[in-house]
1. List every residue whose amide H lies under 5 Å from the amide H of Val245, counting only residues 5 or more places away in sequence or on a different chain, with H placed 1.01 Å from N in the peptide plane.
2. With only Lys, Arg, Asp and Glu charged, each at its Cβ (+1 for the first two, -1 for the last two), find how big the charge dipole of the chain is about the Cα centre; round to the nearest 20 debye.
3. Given the Cα-Cα distance of Glu336 and Glu356 and 0.36 nm per residue of separation, how much length would full extension add, in nm?
4. Round to a whole angstrom and tell me the spacing of the C-alpha centers of segment 242-316 and segment 103-133.
5. Tell me the net charge near Glu253. Cut-off is 10 Å between Cβ atoms, Glu253 excluded, with +1 for each Lys or Arg and -1 for each Asp or Glu.
6. Report, in deg cm²/dmol and to the nearest 500, the calculated mean residue ellipticity at 222 nm for the chain, where each DSSP H run with n ≥ 4 adds -39500 (n - 2.57) and the sum is divided by the residue count.
7. In what sequence, highest mean first, do 238-251, 297-310, 345-358 appear when ranked by Cβ atoms within 10 angstrom?
8. Once phi is turned into θ = phi - 60°, what whole-Hz ³J(HN,Hα) does the Karplus curve with 6.51, -1.76 and 1.60 give for every residue of segment 37-48, x standing for Gly and Pro?
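We did not get these values from a lab; they are worked out from the coordinates using the rules stated. Please read all numbers here as calculations on a predicted model, not as lab measurements. Positions of Cβ are backbone-derived with ideal geometry, glycine not excepted, and every protein chain shown enters the neighbour counts.
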Amino acid sequence: MKGKSDDTMDQKIEKIRICLIYHFFPHYRAAVIEELAKAWDNVRFVASDDAEPLGYGIRPLIPDGDFNAVAIRRVFGAKYCLKGLGRLIPWGRGGHAIFLGDMNCVSTWVYGFLLRVTGTKVYFWAHGWLRENESFTKKQLRRMYFKIPHRVFVYGRRARRIAVENGFEPGRVHVIYNSLQYSLQRQLRENASRLECRTELRQLFEFGDRDGKVLLCSARMTPVKKFDQVIHAVSKLSQDFAIGVVFVGDGPEKSQLELLSKELGVPCRFLGACYSEPELSRYFIGCDAVISPGNVGLTAMHAMAYGTPVVSHSDRDTQMPEAEVVIPGVTGELFEKDSVSSLADAIRRVVSRSEEEVNFQARACISIIETFYNASHQVKKIMEAISNVDEDESIRDDISIDELNGLKA
């Protein structure tokens, strides 16, 4: 049931013109784009329909409704611009422009400033602040950039806290979290048998009568993911109990990882790239934990949507905002960055829990997604920011278990 404040917010949204501008819309943004289109009848989507100029191996999404394609043009180095943007964005009072807050996009610097001068409300949707320790030059450049919009939408609480510590007013920085296709993921999870999924994965290994543990690594196999650390950690653990690793993904590191697993005698199965959510769901549901020794982003949300804990490193300056979903002992474990022994200890803790602890862990993982990390909540937070609803005044990094809906320890 809507309250009075919700009705007022809806009335405000109906009267304004909104334009969402991205370099391109990644396919995993489908759910939030759909929610935005439902929330605002007058929203315009502007982006390129081709990700190749930026070298991304990501399939672009073409939104339904008022979608306008623009061309990406390289300027120099990593810098680029969006050609033809000026004729598509709302100029003057009553207009709202939401830009992907990528500092490499020259168009955002230029049009963000010009739109603000002409009276359009400007918002940047960005990672914002990931590192506390930046050089003076980078810190000042970032400060200049994020002073352009009226408000900044960030994915995590830590980013907001760093922004405030760097002189930004708390009300200018809104945490909107992040989202994937949770409605589909929830449906797949509810229709699946966890026992069947576990059995399917364990049949990939020769565990015999032992209750083997299966870890999942799901990401493109690149050096930054540091999947070799998983193999080294499991080689230590395999002396104590049966354990194997399933890799879902492809990439330049695959052959080296295959060779390393053979050298160390670690049972690994390399299943290649997979883009089918029904198939991926069975891997996430059937494994004991998802391991991401490099930075962890959307993978953490993906795993927890299926009730599966995540293990990643604890160095927040080199993490992605979504690492905030990993609550040690509740939704996963953290380990000392680049320490194989610390990673092995974290894996041991997460796979050695009792059945009661595993069930609570699964509920906690699902609850954190249903409370914060879903498209409906993300759009609600965006609408509140645009409608001048003040952000929560508290400044904190972590999500506490007390905030999770429907969860009792």
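1. Placed amide hydrogens put Leu215, Cys268, Arg269 under 5 Å from Val245.
2. Details: 54 positive and 53 negative charges, 316 e Å.
Using Cβ point charges on Lys, Arg, Asp and Glu, the chain gives about 1520 debye.
3. Numbers: separation 20, 0.36 × 20 = 7.20 nm, distance 2.71 nm.
Stretched fully, the Glu336-Glu356 segment lengthens by 4.5 nm.
4. 35 Å
5. Values: positive: Arg220, Lys225, Lys226, Lys254; negative: Asp228, Asp250, Glu258.
Around Glu253, the charge tally is +1.
6. Details: 14 runs with 152 residues, N = 409.
-11000 deg cm²/dmol, from helical runs alone.
7. Numbers: 238-251: 18.0, 297-310: 25.4, 345-358: 16.0.
Averaged packing, sorted descending, gives the order 297-310, 238-251, 345-358.
8. Coupling constants for segment 37-48: 5, 6, 6, 10, 5, 10, 8, 10, 9, 10, 5, 7 Hz.
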